[in-house]
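What follows is a single structure, written as structure tokens, with notes after it.
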Amino acid sequence: MKIRWVTSWNRKCGIADYSKSLFPEVKRLCDQKGWQIEVVSLDEFRTPGRLLRHLVNEQPDLIHFQHEYGLFGGKNPPFYIFPRLKRALGRRLRNCRMVATAHTVIAEDYRYPLNRSAWQIPLRAAVNATLLPWLARIWGRATWGDLANVYVHSRHQMNLIRSSGQERVETIAHFVPESKIKSSAAANGPVVVFGFFTPDKGQDLAIEAWARLPKEFQNRKLILAGGVRTRKDKAYFKTCVRKIKRLGLGDSVEITGFIPIEKASVILAEASLVLSPFRETTGSGSLAMALSMGCPVLTSDHAINAELNERVDGAVELFKRADIENLVQRLQDLMGDQNRRLELKNAALKYANLYSIPTISQRIVNSYERVLGQNLPFEFAGPKK
């Protein structure tokens, strides 16, 4: 059997980190079965045509896409190439099975946010009012509908995939990487927000909450460990910088800029608490990294985050998302409660052990075996030319 992983490998992004961490163990398990598996890096092909020709020449039995809309041109037509690529592969590789890990799943009720640059608001409002049903079909049915299997990181995402007409979907949790460095959950350590600056990550909420803490916490530090990944997020980053100055936080808030994983581990190990105030999330590699180190975590109560506690009781502490007062209260409680932070640390390490790279890799390879053993007709779900 010949298997190809299609993913980013060289970019500074979560999908590349995910792939580099997981692929070696998946390959080891495939090698044991006598299967040939290799990475096809999206970074090496400048056009969809070149990628298509390469995959056709490879003649794989199974292609596994690590799917993130941004890796395939962004979610906006006509730049979003994944449905067209998939249909072209289906025509040329009739006996090839295609599966995908859905790192982002767009809900049917998604609307473009209207809180961005003022000049974008009329256009976004018009798209929301007229084009969303058509776009939803592209993001849903045309993306997932004709795959042999789709993997999601949360059971809460399964119905979103099924609503696209795709019934072959299973939950394979985001792995927790192995970490030799462990958190001390130190009483006087900094509070760390880890990840690229985006409105969805909610760094501005962390800044606002930090400014509202009682004075006895003012000698502590808030570290925003991350930089700007895309051009469109530069404006948000500048907003956060202005907020820090306007609230007079000065030296109590530090922005590191982009940092490699090794340095991030050192910062997280010294943290008393990891704060992840997501406005929106479909699963986060930054949370997995924090859990791997046994960091006490406070995060927003999205269903996908609450599911961590369903798997291991007390894996993370939750606050009511977008509720700044509740965030301040939960932040204050945890910063002042060493025993609770140690309980969170122990639960996080238990979670890390249960959802390790070997465990998740075995689930993926088991799924390959099921998919390759099926005699599934290949049916196009997206619009045909």
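The values are calculated or read from the model by the stated rules, or taken from the named source; none is laboratory data. On a predicted model such as this, the values are computed, not experimentally measured, just so you know. Cβ atoms come from the backbone with ideal geometry, glycine included; neighbour counts cover every protein chain shown. Accessible surface is based on the protein model in full, side chains and every heavy atom, while ligands, DNA and RNA are left aside. Shrake-Rupley method; radii C 1.70, N 1.55, O 1.52, S 1.80 Å.
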Matching strands (runs of 3 or more DSSP E) fully within segment 1-114 where at least 2 residues are in contact with a helix residue (DSSP H, G or I) (Cβ under 9 Å, 6 or more places away or on another chain) and farther than 15 Å from T143 by Cα: 2-7, 36-41
Any hit, segment 9-29, residues being surrounded by fewer than 20 Cβ atoms within 10 Å (Cβ to Cβ), among the β-branched types (V, I, T) and under 30 Å from G195 (Cα atoms): no
Residue in segment 119-135 that is at pLDDT below 95, within 30 Å of A225 (Cβ to Cβ) and either open to solvent by 10 Å² or more (accessible area, probe 1.4 Å) or not hydroxyl-bearing (S, T, Y) (or both) present: yes
Residues of segment 161-184 classified as touching a strand residue (DSSP E or B) at 6+ places or on another chain (Cβ under 8 Å) and either among the hydrophobic types (A, V, I, L, M, F, W, C) or open to solvent by 20 Å² or more (accessible area, probe 1.4 Å) (or both), total: 10
Residue in segment 84-100 that is at pLDDT below 95 and hydrophobic (A, V, I, L, M, F, W, C) present: no
Residue among E254, E280 that alone is assigned to a loop (DSSP other than H, G, I, E, B) and either hydrophobic (A, V, I, L, M, F, W, C) or in contact (Cβ under 8 Å) with a residue 12 or more places away in the chain (or both): E280
Residues within segment 288-333 that are part of a loop (DSSP other than H, G, I, E, B) and either of a type in the set (A, V, I, L, M) or without any contact (Cβ under 8 Å) to a residue 24 or more places away in the chain (or both), tallied: 8
